[in-house]
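The values are calculated or read from the model by the stated rules, or taken from the named source; none is laboratory data. Remember, predicted model here, so these are calculated numbers, not experimental data. Positions of Cβ are backbone-derived with ideal geometry, glycine not excepted, and every protein chain shown enters the neighbour counts. Surface accessibility is based on the protein's heavy atoms, side chains included, excluding ligands, DNA and RNA. Shrake-Rupley method; radii C 1.70, N 1.55, O 1.52, S 1.80 Å.
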Amino acid sequence: MRSLLDLVFPLRCAGCSHGAWPFCPVCVDRLGVISPPLCERCGRPWNRPKQRCSDCPPARIRTSRAPFLYEGPVRSALYRLKFSGWRSVAEALGAAMATVAPGDVDVVTWVPLGPKRRATRGFDQARSLAGVVGARLGVPVAPLLRRLTETGPQARRGAFERRMAMHGAFATAAP
């Protein structure tokens, strides 16, 4: 069925929506691939690798990585996933995320959307990405967090405002 849909409605570039899937040659050239030097703990581009950068997550998070900078075609692709329902973007970006995961992953989880936003979008894009990463790594995907409150859109908030909005918004999920 998927092949038939692809023939009738071919996938387009997730970055510009005009070229080949998942990213056309123009968008591939504009991908902000993260490469060394970087912060050893959080993976942010950083020229002092032995020092913790200013963007590192809380100490309870041992490490984190992303394959791309949040700009250009990647930013556009994520917007298409989140706001336009391009669910196929999860497969492309999730595959890239799996390539930069540390080798000792036991489980993959996600930060869940609130019920209102999930109902509006029709799905939870973070869960979709987690599913792809887990499948690619061959590890379980489990809901380890539950959302306690709706926090509203974060896009127009600065880093400090985001942290404050998220404070107390989540709890660990019951086993």
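Excluding ligands, DNA and RNA, what is the solvent-accessible area per residue of the chain at a probe of 1.4 Å, expressed in Å²? Could you put the intermediate results ahead of the total?
Working: 11350 Å² over 175 residues.
Averaged over the residues of the chain, the accessible area is 65 Å².
Using a probe radius of 1.4 angstrom, the carbon and sulfur fraction of the accessible surface of the chain is 58%.
Kirkwood Rh over Cα pairs of the chain into Stokes-Einstein at 25 °C, 0.890 mPa s: D in µm²/s? Answer, rounded: 138 µm²/s.
What is the Rg over Rh value, at two decimals, for segment 1-93, using alpha-carbon atoms and the Kirkwood definition of Rh? Expressed as Rg/Rh, it is 1.10. Using a simple spin-label model with pseudo-atoms 7 Å out from Cα toward Cβ, residue 146 and residue 17 lie 3.8 nm apart.
Subtract the Cα-Cα distance of residue 75 and residue 26 from 0.36 nm times their separation in residues, and report this length gain in nm to one decimal.
On the way: separation 49, 0.36 × 49 = 17.64 nm, distance 1.49 nm.
Full extension of this stretch gives 16.2 nm more.
Using 0.36 nm per residue of separation minus the Cα-Cα distance, give me the extension gain between residue 48 and residue 173 in nm, one decimal. Working shown, then result.
Details: separation 125, 0.36 × 125 = 45.00 nm, distance 3.62 nm.
Length difference between fully extended and current span is 41.4 nm.
With +1 assigned to the C-beta of every Lys and Arg and -1 to the C-beta of every Asp and Glu, and no other charges, what is the dipole magnitude of segment 35-175 about the Cα centre in debye, to the nearest 20? Write down the numbers at each step before the final one.
Details: 24 positive and 9 negative charges, 80 e Å.
So the dipole magnitude of segment 35-175 works out to roughly 380 debye.
Relative contact order of segment 65-162: 29 percent, from C-alpha pairs under 8 Å at least 6 residues apart in sequence.
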